[in-house]
Amino acid sequence: MIPKDPVMLLSYVNTQLRDYYDSLDDFLKDKELSREGLIKKLASIDYQYDEELNQFV
């Protein structure tokens, strides 16, 4: 289950990206999530995806 709270979501997504996925697209495809929805939710707490780091920073 994906956390709904943006701060918990940030922690969950970054952990998943670090431990299991080579890219955000791989994560989104596997979890069947909307890229736009995830990026918008994390942008609401001022986090943006960094492709080089493969993390939201």
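For this structure, a couple of remarks:
- Backbone HN-Hα couplings from phi across the stretch 9-15 [Karplus 6.51/-1.76/1.60, Hz, Gly and Pro as x]: 4, 4, 4, 4, 5, 5, 5
- Å² of accessible area per residue within the chain, as computed with a 1.4 Å probe and no ligands counted: 72 Å²
- The chain pair-distance distribution - Cα-Cα, 10 Å bins, rounded %: 24, 67, 9
- Of Tyr47, Tyr20, Tyr12, the order by accessible heavy-atom surface (1.4 Å probe, DNA, RNA and ligands excluded), from most exposed downward, is Tyr20, Tyr47, Tyr12.
- Charge dipole (the stretch 14-57, unit charges on Cβ, about Cα centre) - positive-most of Ile45, Leu28, Leu17: Ile45
- The portion of the accessible surface of the chain made up by carbon and sulfur, rounded to a whole percent, is 49 (1.4 Å probe; DNA, RNA and ligands excluded).
- Karplus-derived HN-Hα couplings along the stretch 26-37 (A = 6.51, B = -1.76, C = 1.60, θ = phi - 60°), whole Hz, x at Gly and Pro: 4, 4, 4, 5, 5, 8, 6, 10, 7, 4, 4, x
The values are calculated or read from the model by the stated rules, or taken from the named source; none is laboratory data. Owing to the predicted nature of the structure, the values given are computational and were not obtained by experimental measurement. Here Cβ is always computed from backbone atoms with ideal geometry, including for glycine, and neighbour counts include all displayed protein chains. Only protein heavy atoms, including side chains, enter the accessible area calculation; ligands, DNA and RNA are left aside. Shrake-Rupley method; radii C 1.70, N 1.55, O 1.52, S 1.80 Å.
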